[in-house]
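I have placed the structure first, in the form of structure tokens, so that the comments after it can refer back to it.
The values are calculated or read from the model by the stated rules, or taken from the named source; none is laboratory data. Here the structure is a predicted model, which means the values were calculated and not measured. With ideal geometry, Cβ positions are generated from the backbone for all residues, glycine too; neighbour counts draw on all protein chains shown. Heavy atoms of the whole protein, side chains included, go into the accessibility calculation; ligands, DNA and RNA do not. Shrake-Rupley method; radii C 1.70, N 1.55, O 1.52, S 1.80 Å.
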Amino acid sequence: MAKTPATRAAATRPLGDDELRVRMYRVGFGDCFLVSLPHASDGATHAHVLVDCGVHARGNLGTIRAAVENIAEVTGKRLAVVVATHAHQDHIAGFGECRDLFAEFDVAEVWLPWTWDPANPDAVKIQKKQARLVGKLRQHFAARGLDADSPLAHALANLAPNSRALDLLKSGFNGRAEIRYLTAGDVLRQPASIRGLVARVLGPPVSESFLAQMDPPAGQHYLRMDGNRVTEDGRVEPFAARWRVPARARELAALRLSKTEQERMREAASEPLDALAFTIDQARNNESVVALLSYGDENLLFAGDAEYGNWRWWIENMEASAELLEQVTFFKVAHHGSINATPPLALESMRDDGFAAMVSTQSKPWKSIPRVPLMQRLAEKTGGRVVRSDWIDLPDAVGPSPGTEPPRPARLPRGFSRHEFWMDYVVKI
Amino acid sequence: MQKRAAVPPVEPPPTRPLKVYAFDPTQGRSLGNIMTIHVPYEPLERGPAGKSVVVIDYDATNDVYYAPVDLDEPGVLLRGGLDPTESDPRFHQQMVYAVVSKTVEHFEHALGRSIRWSFARWSGTKSEDRSRLRIFPHAMQEANAYYDPQMRALLFGYFQASETDSGASLPGQVVFTCLSHDIVCHEATHALVDSQREFFLEPTSADAPAFHEAFADVVALFQHFGLKDALVEVIRRTGGLIHRSTVGSDVAPGFEGPTIAAELTRTNPLVELARQFGEAMGTRKALRSALGTKPNSDDIKRLWEPHDRGSILVAAVFDAYFTIYTKRSRELLRLARAGGQMEGANALSAELADLLADTASKTASQVLTMCIRALDYCPPIDIRYGDFLRALVTSDRELVPDDPNNYRAAFIDAFRSRGIVPDGVVSYSEEALVWCPPEVLHGEAPVCKGLSFDLFRRRDDAGYKKQQSQNARVLQGFAKANAEAFGLSPELPIQARNFHFVHRVGPDGQLLFDVVAEFMQKRDVPVDPEDLEGPTFTFRGGSTVIIASDGTARYSIQKSIGDPDDDGNNERLQAQRAYMASLEAGVPFALAGRKTGAKARALNFSRVHRGY
């Protein structure tokens, strides 16, 4: 395949004292962003904020370790802030996998969603319950045998617990960093002593309805999880064989169901657990920390994997949410550009040609990601200043499918550059 | 040969006795758990297959049929039904048949008419038998049971009890939801409520699904108070205070605490729902209870998950019931005290316990009838808790105008203390709560001419159908001519859905028949008011109109569809949108796992994208 100029790596040049940079690593299906703010202290020229470090097991390009090594090199192993937006593998797996590398880092602050706060009883309850349900679900489907390429298998893989990553984060990188549990409405001024930085937290909220959504109720729908003890083939035969009668038996006569109806019942019998898995998956996306980092004239919006519920809450409830959106100059597109992660409500409030955007995405494992109409609208809205991580060709990696609109441009837009396995966006402050 | 006059056949019996578990298998034989219920007699085929219900024992998980029971076999008849056992599926078939038939009878008795299932109204293929509700006692391996109108069925699952903490069941034992009296009754109630109103189950606000869960729980719980043996036992052990959550032990334990089973206090089975199911799940308690926490007016603003929110309504209804019972039983207790009766647990004489049990069960039956009758006075869609209170008060006033035992007052107090506020009502007085007659709002009450009803005509009669369609036309014309008075939009088509009789007692004590008619309207509105080109959903409005036999409209219970040009001020539409958005955002998880009629006919959320 002939490579377009945009796919060729540019030479790395050192970052200027007056330059802000967002670096998006291509890890596969996952997020790993490094924000470097011009702020001289202790001999360094920039302060660094790492937003997420993870990759989905079924969309892993194997570059995450190299990414962390690059981060170590660029930052001199000093991170002012580490943000873990939510507990999905595609956002935190790297913290576990590269635990040894991170052990050498000096981290000042760790930002986590309030739903992880061990001192918050609501949060503890939610975490316990979710962990239990996820465990049961994984056990159930492991025993039932699941098509490894089904959306359900992908969702479950992403929900897998990762205690190594969580331990590292929640211990504040082994006790050295200060931990902040963030709630929508928090405003952090000069966090990690970065002069001039203001972080506005837009999600996750603590509203009743949000809680209800995060907290699977103890009602009977969920109880079935405990009941479905999983045996080897997952099946119980409730009665001895002598009670069975063949379907053609005369005594059944009018009681016999049609083949279609039997089929329908068999399908219905296996469906509800799938729905549960997707619901928990979505709930977890919605616990995402959404943060607006303001530095100089730049306002960088990192939306994690926030889905509709999270966005909707702060857009409706936060004062001046429309003005905030209007000021955005950089947007980390939520949830890898999926269908329900960037509400028109939000995107349309941002200024035409007023911002640049990055999408960390690829069509594996989910073919429907990224959403083409969203990509088109982003291109229009930003005046072409949007890039996707899957524009970087890597061996064995899935690129954008041919014919996908908008096509990969011949030249990257102003401010962007492409490197070995990452893309940079640089602006002067 | 001389011809002999035929000997007259033996009259069919009025009822058929069948044995069932009063609660569930874990209660063993204690507390009158094995009981006989007398279901209305009907000729049965194998299954059992009767006129309006049929039991089909197909197990989808194992893809097998279990042998259907023949309840007319002499061995079964002589025994008064098969004896309870968990290991014979034929007993399971008998039990679901008996409990569902009994629940149907309760509804028919309360409403004064026979039940026609909701799916009987739908069009379908000829081969489908849409007159009978199908019951699958072992539909699938799942700790769940539900009513599925699309399948025209009640489906009951079975599952293995929790390995570690299974309560009275053995760890890993198979638990059958179809052997829980409460669960069967609960699911049958969903089907029965659905049969009364076409769009009643549509989830239009947090109250609607919660109402249906609560209503089904109420019906299931009230069955307990018809169980004579269990009731007497609980009355004796609680000294008549049947609302207590625990019942006394057989003997008082020593000071070191209970050491033998007879010294253990037990939970009161009357106020609990589906104990085995709850315990088998490892929760150590019954699935739900009639006793909520202390009444407070905050819960209604705080609880949104349908079962949690439903428990507020259940607690309100039982608060009213226990209050009424307590007042009535006090007289008996006072009399007994005068005769030297001691008070307290295990002290009541057998005769007194018997009398109290009669009072409790009679009151329970009256209160349940009140609740079921109120369905006729509910709006056709979008029910809120406050609407139900108004319907209760109105329907009961129609039957018992003077309320000598303060039943209505007990209901009003119970609802008030739980913060349930009916819309558009100035006070909690009975007069304010009764639905408004249309003339209050619109001058003169509209009169409907040309309705003809033949009370003695049977449903399968040839002329019946003709008469019904004639009536439908008359009602449609009536509604169109008086659209405004009934809160209907004159611009939109009006459909006259179900209509049926309801009886009441006239001012002179005479029994009168009214007609309840349901008028429906619908229009498509965008899910997102800002995005007129985007996905849409069907927004319904309508009115339940009660028409006296002379044609005068007596009440019109309205949920207006509103003016399409004024959607910005349409409170109902906005509430429904907000509710749908909260569902879509995953709040609450209400309908995610359960395939009720509500879900089956609800908006297809997967097609409504909140993105590009």
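Our note on the geometry: Cα centres of region A:371-429 and region B:41-105, 65 Å apart. Averaged over its residues, region A:14-122 has an accessible area of 28 Å² per residue, based on protein heavy atoms and a 1.4 Å probe. Each residue of region B:68-78 is assigned a 3J(HN,Hα), and the resulting list reads x, 7, 10, 6, 8, 4, x, x, 6, 4, 5 Hz, derived from the Karplus form 6.51 cos²θ - 1.76 cosθ + 1.60 (θ = phi - 60°), x at Gly and Pro. Stretched out straight at 0.36 nm per residue, the stretch from A:Asp396 to A:Asp167 would grow longer than its current Cα-Cα span by 79.2 nm. Annotation: lysines with alpha-carbon distance below 21 angstrom to A:Lys428 (same-chain offsets under eight excluded): A:Lys332.
Distances between placed amide hydrogens fall under 5 Å for B:Ala22 paired with B:Ile34, B:Met35, all partners being 5 or more residues away or on another chain. Relative to the current alpha-carbon distance between B:Gln150 and B:Asp565, full extension at 0.36 nm per residue lengthens the span by 145.9 nm. When the pairs B:Lys19/B:Lys362; A:Lys77/A:Lys128; B:Lys102/B:Lys362 are compared against a 25 Å limit on Cα-Cα distance, A:Lys77/A:Lys128 fall above it. Straight-line reach from B:Lys3: taking Cα to Cα under 16 Å and skipping same-chain neighbours fewer than 8 places apart, no lysines fall in range. For B:Ala6 and A:Glu251, a Förster radius of 25 Å and the Cβ-Cβ distance give a FRET efficiency of 0.20, rounded to the nearest 0.05.
In the protein assembly as shown, helices alone account for a calculated mean residue ellipticity at 222 nm of -10500 deg cm²/dmol, with every DSSP H run of four or more residues adding -39,500 (n - 2.57). Sequence-ordered 3J(HN,Hα) estimates for region B:398-405 from the Karplus curve with 6.51, -1.76 and 1.60 and θ = phi - 60° stand at 5, 9, 10, x, 9, 6, x, 9 Hz, glycine and proline given as x.
Pull up the cross-link candidates among the aspartates and glutamates for A:Lys364, meaning alpha carbon to alpha carbon under 18 Å and not fewer than 8 places away within one chain. Straight-line reach from A:Lys364, under 18 Å: A:Asp31, A:Asp90, A:Asp147, A:Asp149, A:Asp281, A:Asp305, A:Asp390, A:Asp393, A:Asp396, A:Glu405. Using the Cβ-Cβ distance between A:Gln376 and B:Lys51 with R0 = 41 Å, the FRET efficiency computed as 1/(1 + (r/R0)^6) comes to roughly 0.10. What the phi angles of region B:537-544 give under the Karplus curve with 6.51, -1.76 and 1.60, with θ = phi - 60°, is a coupling list of 9, 8, 9, 10, x, x, 8, 9 Hz, glycine and proline written as x. Close amide H contacts of A:Arg26 (hydrogens built in the peptide plane, cut-off under 5 Å, sequence separation of 5 or more or a different chain): A:Trp422, A:Met423. Give me the percent of the accessible area of region B:297-357 that comes from carbon and sulfur atoms, probe 1.4 Å, all protein chains in place. Whole-percent figure for carbon plus sulfur exposure: 53. The interface between chain A and chain B buries about 5800 Å² of solvent-accessible area in total (1.4 Å probe, ligands and nucleic acids excluded). Database remark: amide H of A:Ile179 closer than 5 angstrom to the amide H of A:Val110 (H placed geometrically; neighbours at sequence offset of 5 or more, or on other chains; Pro and chain starts carry no H). By the combined test of axial Cα extent (at least 24 Å) and Kyte-Doolittle hydropathy (mean at least -1.0), the qualifying DSSP H helices of chain A come to A:121-144.
A simple spin-label model places pseudo-atoms 7 Å from Cα toward Cβ; at B:Ala481 and B:Trp122 they are separated by 3.6 nm. Solvent-accessible area of B:Trp304, all protein chains in place: 90 Å² (probe radius 1.4 Å, heavy atoms, ligands and nucleic acids excluded).
For the pair A:Ala148 and A:Lys128, label points projected 7 Å from Cα toward Cβ lie 3.7 nm apart. Distance from the C-alpha centroid of region A:163-205 to that of region A:271-335: 16 Å, rounded to the whole angstrom. Taking the centroid of alpha carbons for each part, region A:70-119 and region B:305-368 are 62 Å apart.
Work out the FRET efficiency for A:Arg13 and B:Asn296 from their Cβ-Cβ distance, taking R0 = 45 Å, and round it to the nearest 0.05. Efficiency at R0 = 45 Å is approximately 0.10. Rounded, prolate or oblate: which fits region A:1-123, taking a ≥ b ≥ c as square roots of the Cα gyration tensor eigenvalues, rounded meaning a/c under 1.5, else prolate when a/b beats b/c? Cα axes put region A:1-123 in the oblate bin. For the pair B:Asn405 and A:Ser258, label points projected 7 Å from Cα toward Cβ lie 5.0 nm apart. Remark on region A:96-182: Rg and Dmax equal 15.7, 45 Å (Cα only).
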